[in-house]
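> Pasting a structure below so you can have a look.
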Amino acid sequence: MSNSTTASMPSVSALLGQRRRILVTGGAGFIGGAVVRRLLRDSEALVFNLDKCGYASDLTSIEQVLKELKTSGESRHQLLRVDLTNAEATAEAIQQADPDLVMHLAAESHVDRSIEGPGAFIESNVTGTFNLLQAVRAHWDRLSEDRRASFRFHHISTDEVFGSLGAEGRFCETTPYDPRSPYSASKAASDHFVNAWHHTYGLPVVLTNCSNNYGPWQFPEKLIPVVILKAAAGASIPLYGDGQNIRDWLYVEDHVDALLLAATQGRVGESYCVGGHGERTNKQVVEAICFELDRLLPADSTHSKLITPVADRPGHDRRYAIDPSRISNELGWYPRHSFEDGLASTVRWYLQERGWCDRVSQQGGLSGRRLGVLNPDSQSSQQDAV
């Protein structure tokens, strides 16, 4: 999918304007890493990458870009290995980075993990965001008048804060919050804190709520990489329930376009919903991956024969869908990739990068045990399900 409006999107340098020091939290993660790579490749900004370097963090993709750019890239990227739950270290990192723009992507984000261990999600997504807001507010208060005028705090969130849709309708910026999992509840709380810091203290914030992202470099515990890797290995592909839960899929580079537009051109105090016009049931996504693998890795039988239904996830939301009219109408954003093209590219990438997948899975402690099961002994499968 290509759109002429997106094709004429301003350059990253033009969007940033006089903002030269950019802080990205969670920049060693999937979406944060894509933002960091874009900033390094397409601007001259100094990029401060604040990341606790947890189980799902990896710097390989950024290191590849730094090699491409050689010394010019290395001098513009600085890793700040900081856990946002440490208020003192967070304040020191903000002082060191002295940012003109903060893009806050750091979060615990795996729903199944939040079911098993919700405490980590409260600490990271709620307490961590609070500590960051306090540090950024103190920084903003110290800025010169010119820098204060252009400063922005961009909080990146999820459509899961809105709960579950029925067969009709789509989420938009005025949809009431109705989180259903520990993960989405923690993200909803962080959204409310950001809005409160804007209304109470005047901090210039912009929020975005996005649909499910996919693409290269995603940690191999998420649905699409899980299915690709299991199917390519000829292993069983566990599918939650009837497989009819619907998500709106967004290619990660299209999301980066939206983030940079919202962070720099969005109205202060507003939120923008970002979706890829890519509604699919989980079963359709799995079958589409199997179809691609049938073309790329022909076998005696179709890869879809590996799909195995398993018991559903507790509290599994039925349907998500995003209406991105505001960001399209106000900022000129449209997704550049159709789901079919994005998925085909993603499948090819994971087949080529199975060594990376094995390495980060081992580093991250992925054991193949199914997560998010309230009573594991009652389940027929202990594998990661999708």
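> Looking at (1) of a type in the set (S, T, N, Q); (2) modelled with pLDDT of 95 or more; (3) in a loop (DSSP other than H, G, I, E, B); (4) more than 14 Å from the chain's Cα centre (by Cα), can you tell me which one THR127 breaks?
Failing condition for THR127: (3).
> Continuing with the same structure: Tally the residues that are surrounded by 24 or more Cβ atoms within 10 Å (Cβ to Cβ), over 25 Å from CYS172 (Cβ atoms) and in contact with a Cys (Cβ under 9 Å, 6 or more places away or on another chain), restricting the search to region 201-227.
Residues meeting the conditions: 2.
> Counting only residues that are within 19 Å of TYR214 (Cβ to Cβ) and not basic (Lys, Arg), give me the helices (runs of 4 or more DSSP H) lying completely in region 11-83 with at least 3 of them.
Details: elements: 12-16, 30-42, 60-69, 71-74.
Fully inside region 11-83 and qualifying: 30-42.
> What's the total number of residues in region 17-30 that are touching a helix residue (DSSP H, G or I) at 6+ places or on another chain (Cβ under 8 Å) and crowded, with 23+ Cβ neighbours inside 10 Å? Working first, answer last.
If we filter region 17-30 for residues that are touching a helix residue (DSSP H, G or I) at 6+ places or on another chain (Cβ under 8 Å), which is where we start, we get 17-19, 21-28, 30.
Those still in the list that are crowded, with 23+ Cβ neighbours inside 10 Å too: 22-28, 30.
Adding up the residues that qualify gives 8.
> Scan region 24-40 and report the pairs whose first residue is under 11 Å from HIS104 (Cα atoms) and of a type in the set (Phe, Trp, Tyr) and whose second residue is modelled with pLDDT of 95 or more and in a helix (DSSP H, G or I), with Cβ atoms within less than 6 Å and a gap of 6+ or a chain change.
Every condition considered, no pair remains.
> For residues in region 257-280 being under 18 Å from the mean Cα position of the chain (by Cα) and in a helix (DSSP H, G or I), which is nearest to ARG170 (Cα to Cα)? I'd like the intermediate steps shown before the answer.
Looking only at region 257-280, we keep the residues that are under 18 Å from the mean Cα position of the chain (by Cα), and these are 257-263, 271-279.
Filter once more, so that each one left must be in a helix (DSSP H, G or I): 257-263.
Working: ASP257: 21, ALA258: 18, LEU259: 20, LEU260: 24, LEU261: 22, ALA262: 20, ALA263: 23 Å.
It comes out as ALA258.
> Now a separate question. Among the residues of region 298-341, what is the count of those that are part of a strand (DSSP E or B) and buried (at least 17 other Cβ atoms within 10 Å of the Cβ)? Explain how you work it out, then say what you get.
Filtering region 298-341 for residues part of a strand (DSSP E or B) gives 307-310, 319, 322.
The next check asks that each one be buried (at least 17 other Cβ atoms within 10 Å of the Cβ); those that pass are 307, 310, 319, 322.
Here the count works out to 4.
> I'd like the full set of residues that are touching a Lys or Arg at 6+ places or on another chain (Cβ under 9 Å), within 18 Å of LEU84 (Cβ to Cβ) and surrounded by fewer than 19 Cβ atoms within 10 Å (Cβ to Cβ), limited to region 50-70.
The answer is CYS53, and nothing else.
> If you don't mind, there's one more thing I want to ask. Residues PRO216, PRO225, PRO179: which one is under 22 Å from ALA28 (Cβ atoms) and either among the aromatic types (Phe, Trp, Tyr) or part of a loop (DSSP other than H, G, I, E, B) (or both)? First the steps, then the outcome.
Details: PRO225 fails: either among the aromatic types (Phe, Trp, Tyr) or part of a loop (DSSP other than H, G, I, E, B) (or both); PRO179 fails: under 22 Å from ALA28 (Cβ atoms).
Of PRO216, PRO225, PRO179, the one residue that is under 22 Å from ALA28 (Cβ atoms) and either among the aromatic types (Phe, Trp, Tyr) or part of a loop (DSSP other than H, G, I, E, B) (or both) is PRO216.
The values are calculated or read from the model by the stated rules, or taken from the named source; none is laboratory data. Since this is a predicted model, take the numbers as computed values, not measurements. Heads up, the Cβs are rebuilt from the backbone with ideal geometry, glycines too, and the neighbour counts pull from every protein chain shown.
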